Amino acid sequence: MTEEGYAFPNKLCPSECKPCKSPDGGGSGTWLTIAYAKYRGLQIYVFPLFKTQFGDTSWLPDWMKEPEAEQLSLF
């Protein structure tokens, strides 16, 4: 069973915020919590409270983006 959480950040993720055992939220408690939850392996659903366009995920930090599928070569 995968644990999950919901987050509602009101600003972009600070650049120094990364998932780790002791994350630095760069002044954002919400992103600090998201980073720690990601480090712990929780499934996180993020609903930004700032303006974004539907389907635009450019505001997500790289560590929150799903890895792109890679086509494997047979040779």
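The values are calculated or read from the model by the stated rules, or taken from the named source; none is laboratory data. For clarity, every value in this text was computed on a predicted model and none was experimentally measured. Heads up, the Cβs are rebuilt from the backbone with ideal geometry, glycines too, and the neighbour counts pull from every protein chain shown. To get the accessible areas, we keep the full protein, side chains included, count just its heavy atoms, and leave off ligands, DNA and RNA. Shrake-Rupley method; radii C 1.70, N 1.55, O 1.52, S 1.80 Å.
Condition first: in contact (Cβ under 8 Å) with a residue 12 or more places away in the chain and either open to solvent by 90 Å² or more (accessible area, probe 1.4 Å) or aliphatic (A, V, I, L, M) (or both). Now tell me which residues in region 1-10 satisfy that.
Correct list: THR2, GLU3, GLU4, TYR6, ALA7, PHE8, ASN10.
Select from region 1-39 the residues that are closer than 17 Å to SER58 by Cα and aromatic (Phe, Trp, Tyr) and list them in ascending order.
Passing the criteria: PHE8, TRP31.
Looking only at region 15-70, count every residue that is in a loop (DSSP other than H, G, I, E, B), within 14 Å of GLY5 (Cβ to Cβ) and open to solvent by 90 Å² or more (accessible area, probe 1.4 Å) and tell me the total. Give the derivation first.
Filtering region 15-70 down to residues in a loop (DSSP other than H, G, I, E, B) leaves 15-28, 40-42, 47-61, 65-70.
Narrowing the set further to residues that are within 14 Å of GLY5 (Cβ to Cβ) leaves 19, 40-42, 47.
Still in the list and also open to solvent by 90 Å² or more (accessible area, probe 1.4 Å): 40, 47.
Number satisfying all stated conditions: 2.
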